[in-house]
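See below for the structure under consideration.
Taken together, the values in this text are just the output of simple stated rules run on the coordinates, not laboratory data. Because the structure is a prediction, the values reported are computed rather than measured. Cβ sites come from the backbone with ideal geometry, for glycine too, and all protein chains shown count toward neighbours.
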Amino acid sequence: MRDDGRLWYGGDYNPEQWPAEVWRQDVELMRRARVTLVTVGVFAWSRLEPEPGRYTLDWLDEVLDLLHDAGIRVALATPTASPPPWFSLAHPDALPVTADGVRLHHGSRDTYCAAAPAYRAAARRITEVLADRYAHHPALALWHVHNEYGTTCHCPHAEVAFRRWLADRHGDLDTLNDAWTTSFWSQHYTDWAQIGTPRATQYLHNPGHLLDFRRFWSDTLLAAYTDQRDVLRAANPAVPVTTNYVLGDWVPVDHARWAREVDLVAIDHYPSAVDLGAEEQTALAADLARGWARHGAPGRAPDWLLMETAPNLIYAAGRMHTKEPGRMLRQSVAHVARGSRGALFFQWRAPRGGAERFHSALVPHAGADSRVYREAVRLGQALDRLAEVRGRVAARVALAWDAASGWALQHPGLPAERLNHHEEVAAAHRALWHAGLACDVAVPGDPLDGYPLLVVPALYLADEATAGWVRDHVHGGGHALVTYLSGVADAHARIHLDGYPGALRDVLGVRVEEFHPLGDDERVALTDGGTGTVWAETVGLTGARTVTGYAGGVLAGQPAVTRHTYGAGVAWYVSTRPDDATYRRLLTEAATQAGVAPTCPDAPAGVEAVRRGGDDGSWLFLLNHTDRPQTVPASGVDLLTDATVTDAVHLPAGGVAVLREPTG
Ligand code: GLA
């Protein structure tokens, strides 16, 4: 795919918003910035098909030819995330319905129900038209299907499809009634027709119902994607097909499962913190993408791509923050360090109007005579110099992530409102990141060879297979650090009985009888001087020994962190959310005991170090996220400057170095 050997650099390009003379300027500016790939047509349906069945593709022909003549490759999008107004008027039944029963109208984007036959048929048709015309266009490098799949719906089509999906999953109503515990609140179903989508109701929903609804939508959206993918593949099997995953707390689909169906995992990443938090989030997003990519078709390289990020903008706390000079480059290189095939942005040129008129762009409203465009040019030069980097990221810690646990911890009726799988994964990842410990994200069941330490944050749902995954790892000599709320419920969100964390009690050597969720500002002192937040619980020891105790509150004197020797390995249990420094110390200790060292043990605080490599060589990425110059012991040739470094790299404030390390 990186057919000319260069990294992909560019982003969403919307020529349909501009007259043809601007296209020529765009292509010239792209050439100057060394742009290699642009995504065209993501929301262009009404320009491509202004009336049902009437296609106007001449403008796209011209744009693709212009790009091709300039040596710029194209990720051609299918425009199905934004059906035109004529479509909604012709098929009002395909407009989405909210849980409250409100039917939404066009006037924004994503106004469709992906379970509605008319929508699916129209999406297939426009995809066929694009495939017929462009599948062999020389500029085409990649198909980009749709945009950020995640729209759900409660319309009658969705209801019918949901019932069909439930019948497939559960087989018969007895099994479903049992899985959903419908004996509670008299919800027993005697006919499939009685089951609807979880619409607005009087009080709390049934957790099994909610969980299956999330699974259903993940599968239904995947089917909408594969519909289009199959059309595109049939037209030219040589061109890879993907779709851009949306990230964040709101994870609408099971990305790891989707990875089997895309030829390349692609993510959109928009940090929501302005300070170092943005860098922590960047590292996590990239590690998630790499982890999902491991689930690709057998034999396929676990490659992934940063498909969208904002050039000069972090949206946080209700406003847009401008990135300081150099940050766009540093964040882009951070993604490449963690395995991305390049850095693509939303968007190339800032639009004049429309809902996202103030979203940042490589060519901002100020035009090419601007700091952002000048930085875009420098970024193009830098990425050009990184083309030789390849190989896997060196990581010996596995970090568990599970879409369904995330969904289940969003249910109402839990012991506290602020429980969140994604936040727990992020907290563990942040602690590892600050400790300099590289990790790969793993989904329950993934092979754990080569990972002496497995970290399991709030893996709420654990059936026997998932529990066995942790147990076998430890029994065979691995180390695991498991946090509260892991192993509490089964795959249908029913509680494992006889003490928490039911599915993992044996391997952890603990038995928890009671939870003590903490208030928003509540902290509980720990005996090692740290504090716990969010959660605490009464931990009974059934084989484990106490590492750290609670030092205050109702649990004073009782275990907070424990360690259990199980088989040939060790299992730690952490019954609260430690403060960041304590968490970092704890993970450093667990890693040391497991024989895992930081990537660059002497890197100063605030300098991120990532090593990539394999048979072709080894590359060390050093990213200075501080506002002071920093020195890091290392040696090699800096690809960005050609400087040879013999003992230490001197990084300017906010600076970056990528060393080709000496071999042998
Ligand atoms: C997502 C979408 C884009 C745009 C950006 C704005 O990534 O894919 O179309 O809306 O967000 O942040």
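Computed from the Cβ-Cβ distance with R0 of 25 Å, the FRET efficiency linking Trp18 to Thr98 stands at 0.10. Computed over all pairs of different Cα atoms, the Kirkwood value for the hydrodynamic radius of the range 318-407 is 15.7 Å.
Given the range 246-381, what percent of its DSSP beta bridges are antiparallel, to the nearest 5? Here the antiparallel bridges make up roughly 30 percent for the range 246-381.
The alpha carbon centroids of the range 331-389 and the range 149-169 are separated by 39 Å. Counted by neighbouring Cβ atoms within 10 Å, the residues Trp86, Trp348, Trp258 run from fewest to most as Trp86, Trp258, Trp348. Calculated mean residue ellipticity at 222 nm for the chain: -9500 deg cm²/dmol, from DSSP H runs with n ≥ 4 weighted as -39500 (n - 2.57), summed, divided by the residue count and rounded to 500. Among 578-591, 110-123, sorting by the average number of other beta carbon atoms lying within 10 angstrom of each residue, highest first, gives 110-123, 578-591. Solvent-free Debye calculation, one equal scatterer per alpha-carbon of the range 39-150: log10 I(q)/I(0) at 0.12, 0.15, 0.16, 0.19 Å⁻¹ equals -0.43, -0.64, -0.72, -0.95. Long hydrophobic helices in the chain, taken as whole DSSP H segments with a C-alpha length of 27 Å or more on their own axis and mean Kyte-Doolittle hydropathy at least -1.0: 207-235. When Asp174, Asp191 are arranged by Cβ crowding within 10 Å, least crowded first, meaning fewest neighbours, the order is Asp191, Asp174. Taking 0.36 nm per residue of separation and subtracting the current Cα-Cα distance, fully stretching the chain between Thr626 and Arg392 would add 81.6 nm. If you take every DSSP beta bridge whose two residues both sit in the range 524-640, what share of them, in percent to the nearest 5, is antiparallel? Taking every DSSP beta bridge within the range 524-640, about 100 percent pair in antiparallel fashion. The gain in end-to-end length when the Trp185 to Val274 segment is fully stretched comes to 27.5 nm, 0.36 nm per residue minus the alpha carbon separation.
Packing-based ranking of 265-272, 153-160, 132-139 yields 265-272, 153-160, 132-139, ordered from highest to lowest mean Cβ neighbour count within 10 Å. If you sort the three axes of the alpha carbon gyration tensor as a ≥ b ≥ c, you get a/c of 1.5 or more for the chain and a/b no higher than b/c, which makes it oblate. For the range 247-256, 3J(HN,Hα) computed residue by residue from phi via the Karplus equation (6.51, -1.76, 1.60; θ = phi - 60°) reads 10, x, 4, 8, 9, x, 9, 8, 4, 5 Hz, glycine and proline entered as x.
Remark: the chain carries a charge dipole of roughly 840 debye about the Cα centre, counting +1 on each Lys and Arg Cβ and -1 on each Asp and Glu Cβ. Separation of the range 547-609 from the range 1-63 is 50 Å, based on Cα centroids. Taking the DSSP beta bridges in the chain as the whole, what percent of them are antiparallel, to the nearest 5? Percent antiparallel among DSSP bridges in the chain is about 55.
Rounded, prolate or oblate: pick one for the range 400-476, where a ≥ b ≥ c are the square roots of the eigenvalues of its C-alpha gyration tensor, a/c under 1.5 means rounded, and failing that, prolate if a/b is larger than b/c, else oblate. Here the range 400-476 falls in the oblate category.
Listed from fewest to most Cβ neighbours within 10 Å, the set Ser186, Ser405, Ser575, Ser370 follows the order Ser186, Ser370, Ser405, Ser575.
Using the Cα centre of the chain as origin and beta-carbon charges of +1 (Lys, Arg) and -1 (Asp, Glu), tell me which of Ser218, Val377, Tyr55 is placed farthest towards the positive end of the dipole. In the chain, that residue is Val377.
The label-point distance for Asp580 and Ala465, in a model that sets each label 7 Å from Cα toward Cβ, rounds to 3.7 nm. Taking the average, over residues, of other Cβ atoms within 10 Å as the packing measure, peptides 7-15, 649-657 rank 7-15, 649-657 from highest down. Extension gain, Ala70-Thr175: 0.36 nm per intervening residue step, less the Cα-Cα distance, totals 31.8 nm.
For the range 323-469, the square roots a ≥ b ≥ c of the C-alpha gyration tensor eigenvalues yield an a/c of 1.5 or more together with a/b not exceeding b/c, which makes the shape oblate. Among Val554, Thr599, Ala398, whose Cα lies farthest out toward the positive end of the dipole of the chain, if unit charges sit on the beta carbon of Lys, Arg (+1) and Asp, Glu (-1)? Of the options given, the answer is Thr599.
For the range 517-538 versus the range 273-318, the inter-centroid distance based on Cα atoms is 30 Å.
Each Lys and Arg Cβ is given +1 and each Asp and Glu Cβ -1; about its Cα centre, the range 68-129 then shows a dipole of about 100 debye. The GluC sites (Glu not before Pro) of the range 393-450 that meet both conditions, a loop assignment by DSSP and at most 13 other Cβ atoms within 10 Å of the site Cβ, are Glu417.
Kirkwood radius, the range 273-318, all distinct C-alpha pairs, inverse of mean reciprocal distance: 12.3 Å.
Isolated cysteines of the chain, defined as having no other cysteine beta carbon under 4.7 Å away, are Cys155, Cys439, Cys600.
Taking every C-alpha pair closer than 8 Å and separated by at least 6 residues, the mean separation divided by the residue count of the chain gives a relative contact order of 10 percent.
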